[in-house]
Each structure stands twice: as structure tokens, then as C-alpha cells.
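The values are calculated or read from the model by the stated rules, or taken from the named source; none is laboratory data. Remember, predicted model here, so these are calculated numbers, not experimental data. FYI the Cβ positions are ideal-geometry reconstructions off the backbone, even for glycines, and counts take in every protein chain you see. Note: accessible area is taken over every heavy atom of the protein model, side chains too, but ligands, DNA and RNA are not part of it. Shrake-Rupley method; radii C 1.70, N 1.55, O 1.52, S 1.80 Å.
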Amino acid sequence: MRSMKSPRVTVVGSANVDLTFRTTNLPKPGETAFGTDFFQGFGGKGANQAVAAARLGANVAFVAKVGDDEYGQAIRRQLETEGINLDYLGIDGERPTGIAAILVDAQGENVIVGVPGANLGLTPADVVAAGDLLRRSRIVLAPCETTIETLTEAFAIAHAAGVMCILNPAPARELPEELLKNIDLCVPNESELRTLTSRPTETLEEIAIAANWLRERGPKHVIVTLGSRGALIVGAEGSTHVPGNSVRAIDTSGAGDAFCGALATYLADGDSLHEAARKANVVASISVTRAGTQASFPRQAEIAN
Ligand code: RIB
């Protein structure tokens with residue numbers, strides 16, 4: 001067990017085993033496609049974000065559930081090697097470990113089907129049990145692959161203690177007022193923002209309008225990730241575009257998680273939103289040049305930030 005020194009970043013979220021299939025073109029409904037490659041790796045948006053942060057040197061804790069099976073044991077071992085505090089990585093005796101099928105095409109674009117399994121076994125009572133850990137964090141970060149009730153409880157505890165709460169609304173789902181009011185920073189991509197707001201998100205102007213609609217419901221800031229176009233930071237002070245980095249993408253899966261984990265790390269270090277987003281963009285753009293999700297995330301030593 002790791003020391004109980006305060007984690008700078010605590011991730012409340014999901015852990016999966018990822019089964020990645022590469023194919024030239026993604027099959028359409030009813031089609032069968034020849035694949036070009038297959039590999040198994042570790043994923044889940046929460047675990048990915050925790051690993052991205054840990055590889056950049058953050059002191060990270062992970063609050064989640066895996067199944068009582070071989071995949072769950074393998075995930076635990078993997079996260080231990082990353083030096084992540086797993087005091088609150090529980091076991092769900094009923095459900096299997098979460099699993100995801102990821103299809104990646106020749107351009108690096110992906111589609112994902114995740115079966116959450118044990119991730120849905122993380123209950124509000126589990127995060128209450130982790131309350132001290134949440135309160136001692138500098139930042140609590142969560143994607144939306146656990147139940148909304150659990151996320152709402154985690155953010156209520158952290159926010160009441162003055163801890164910065166970052167929500168990555170992926171996959172996009174309806175967010176209740178009790179959760180929205182405790183979000184300091186919301187980090188959707190363009191399509192998640194469109195789903196959350198039912199507003200167009202084609203141009204930067206439309207994205208800023210949709211992000212402000214979201215801000216009026218709680219989050220103080222919204223950072224919209226735009227893939228190769230970078231990110232748009234939207235707050236009461238206006239909106240700022242952080243340009244993207246030009247790279248040759250081979251696999252974009254997990255890039256949003258790399259961005260969120262890096263963003264939380266740099267914010268916990270005291271960077272401004274703009275500087276943290278700029279550096280997180282660099283981390284995400286390195287990740288898309290490599291295959292896999294966690295397997296693609298860089299360590300701080302590889303980054304010229
Ligand atoms: O964001 C990528 C992640 O989404 C994958 O690792 C997969 O497990 C799903 O959770």
C-alpha cells in the first residue's frame with residue numbers, strides 16, 4: 001500500500017480491458033470488414049486519465065471497481081506498476097470487469113463499444129467511504145462511465161471541501177442540476193457538447209455559445225477539446241482558442257483521456273487554464289501518434305514542455 005500523503009489528483013471512474021481491432025475502413029451496419037491488426041490493452045476512461053496523470057509525475061489516487069476475475073487482477077497489477085494509490089479500488093463480486101471493443105481505421109479514427117460491468121458497481125456509499133481521500137485531493141477528476149448518482153456524491157464531497165472538480169462528460173449523458181452545480185471545469189469534446197446542449201457545434205462561435213449555455217447551468221469554465229484543432233476555453237472572461245499540434249495520427253482512442261489527465265496534473269501544479277490546456281494538448285497529440293489507449297500515453301521525460 002502506498003503512503004497516505006495527499007493525492008494531488010484523484011480520479012473517480014472506470015477501468016476496462018480494451019480489445020482493439022484495426023481495419024482500413026470501419027464497417028457499416030450489416031458489413032464484415034477484414035482487420036489488419038488486433039491487440040489487448042488496459043483502458044477505461046477513468047484508469048486512462050489516472051495513468052496519463054501518473055506518467056506526468058502527479059501523485060494519483062484511483063477510486064473505482066473491477067470484477068472478481070482475471071481481468072480485474074490484471075488491471076490492479078498494471079495500475080500498481082504506474083504507482084497509483086489503489087486503496088479505494090474495490091471488487092464487485094456480481095459483475096465482470098468492464099470491457100471495451102475499439103475499432104480503429106487507417107486514419108486513426110475510432111468507434112468504441114464499452115460494456116461497463118463492475119464500473120456500475122461503484123456506489124455513492126463507496127465514494128463516501130473514500131471521502132477523506134477526496135477531501136485531501138487538489139483535484140477530483142471523473143469521466144461518465146460510472147453512475148451519475150456516484151459522480152454526484154463524489155463531487156458534492158469534494159466541492160464542499162473546496163477541491164477543484166473536473167468532469168469529462170464522456171460518454172455524454174444528461175447531467176442533473178445537483179451534479180452540474182459542483183463542477184468547476186467541464187471538458188467535453190465537440191460531439192459531447194452537442195449532445196449535452198442540443199446545440200450546433202460546428203464553428204468556434206457555435207461551440208462558444210453551446211459552452212456558455214452549459215456554463216449557465218453550473219460549471220465555471222468549459223474546455224472543449226477539438227482534436228487536431230486544439231481546444232476552446234470558455235469562461236466568464238470570454239473564450240480563448242488553444243491551437244492544435246500538427247501530427248500524423250495513427251490511433252485517436254484515449255486521446256481525450258490523455259488530455260484530461262494531463263490537464264488535471266498541470267492545473268494541480270499551479271498552471272493557468274490556458275497553459276495547462278496548451279501542455280495537455282501536447283500530451284494528447286503525442287498519444288495519437290501511437291497505438292492503443294494507456295499504451296500510447298507519454299511520460300514527462302518525453303515532453304518538451
Ligand atoms: O476513451 C477511451 C476509452 O473509452 C477506452 O479505453 C475504453 O475502455 C472506453 O472506456
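For the range 219-305, please list each of the strands (runs of 3 or more DSSP E) lying entirely inside it that holds at least 2 residues being of a type in the set (S, T, N, Q).
Numbers: elements: 221-225, 231-235, 238-242.
Output list reads 238-242.
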_Pair list, Cβ < 9 Å and 6+ apart or interchain, from the range 27-47 residues that are of a type in the set (Ser, Thr, Tyr) to residues that are open to solvent by 60 Å² or more (accessible area, probe 1.4 Å) and not in a loop (DSSP other than H, G, I, E, B)_ = THR36/PHE21
*Residues that are under 18 Å from the mean Cα position of the chain (by Cα), open to solvent by less than 50 Å² (accessible area, probe 1.4 Å), of a type outside the set (Asp, Glu) and under 16 Å from GLY235 (Cβ atoms), drawn from the range 158-208*: CYS165, ILE166, LEU167, LEU180, ILE183, LEU185, CYS186, VAL187, PRO188, LEU193
*Tell me which residues, restricted to the range 45-71, are over 27 Å from ASP269 (Cβ atoms) and surrounded by 23 or more Cβ atoms within 10 Å (Cβ to Cβ).*
LYS65, VAL66, GLY67
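Within the group ALA154, ALA142, ALA211, which residue is open to solvent by less than 30 Å² (accessible area, probe 1.4 Å), away from the ligand (no atom under 16 Å from the Cβ) and in contact (Cβ under 8 Å) with a residue 40 or more places away in the chain?
That would be ALA154, the only listed residue that is open to solvent by less than 30 Å² (accessible area, probe 1.4 Å), away from the ligand (no atom under 16 Å from the Cβ) and in contact (Cβ under 8 Å) with a residue 40 or more places away in the chain.
So, of the residues in the range 216-255 that are open to solvent by 40 Å² or more (accessible area, probe 1.4 Å) and closer than 30 Å to ALA156 by Cα, which turns out to be nearest to the ligand (Cβ to nearest atom)? Write out each step before concluding.
Of the residues in the range 216-255, the ones open to solvent by 40 Å² or more (accessible area, probe 1.4 Å) are 216-217, 220-221, 227-229, 236-237, 239-241, 243, 245-248, 250.
Keeping just the survivors that are closer than 30 Å to ALA156 by Cα gives 216-217, 220-221, 236-237, 239-240.
Numbers: GLU216: 28, ARG217: 24, LYS220: 25, HIS221: 22, ALA236: 30, GLU237: 30, SER239: 25, THR240: 25 Å.
Step by step, filter the range 216-255, then rank; the result is HIS221.
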*Looking at (1) outside any loop (DSSP other than H, G, I, E, B); (2) more than 16 Å from ALA47 (Cα to Cα); (3) touching a Lys or Arg at 6+ places or on another chain (Cβ under 9 Å), which is the only condition ASN119 fails?*
(2)
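Collect the residues in the range 267-278 that are open to solvent by less than 30 Å² (accessible area, probe 1.4 Å) and either in contact (Cβ under 8 Å) with a residue 40 or more places away in the chain or charged (D, E, K, R) (or both), keeping them in residue-number order.
Keep residues of the range 267-278 that are open to solvent by less than 30 Å² (accessible area, probe 1.4 Å), which gives 267-268, 276-277.
Residues satisfying the conditions are LEU267, ALA268, ALA277.
What residue, of GLU31, GLU80, is open to solvent by 70 Å² or more (accessible area, probe 1.4 Å), on the phi < 0 side of the Ramachandran plot and part of a loop (DSSP other than H, G, I, E, B)? First the steps, then the outcome.
Values: GLU80 fails: part of a loop (DSSP other than H, G, I, E, B).
The unique qualifying residue is GLU31.
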*Close pairs from the range 169-193: first assigned to a strand (DSSP E or B), partner of a type in the set (S, T, N, Q), Cβ under 6 Å, at least 6 apart*: ASN189/THR225
_Test of understanding: among VAL11, VAL51, VAL60, VAL17, which residue is of a type in the set (Val, Ile, Thr), under 23 Å from ILE157 (Cα atoms) and within 14 Å of the ligand (Cβ to nearest atom)?_
VAL11
*Which of the residues spanning the range 124-136 are open to solvent by less than 10 Å² (accessible area, probe 1.4 Å) and more than 22 Å from ALA172 (Cβ to Cβ)?*
ALA130, GLY131, LEU133, LEU134
*asked:* I need every pair where a residue in the range 87-114 that is farther than 19 Å from THR20 by Cα has its Cβ under 7 Å from the Cβ of a residue that is assigned to a loop (DSSP other than H, G, I, E, B) and open to solvent by 50 Å² or more (accessible area, probe 1.4 Å), sequence separation at least 6 or different chains.
replied: ASP87/MET1; ILE91/ASP68; GLY93/ASP68
*Identify, please: which residue in the range 90-123 is open to solvent by 50 Å² or more (accessible area, probe 1.4 Å) and among the small types (Gly, Ala, Ser) and is, among those, farthest from the ligand (Cβ to nearest atom)?*
GLY93
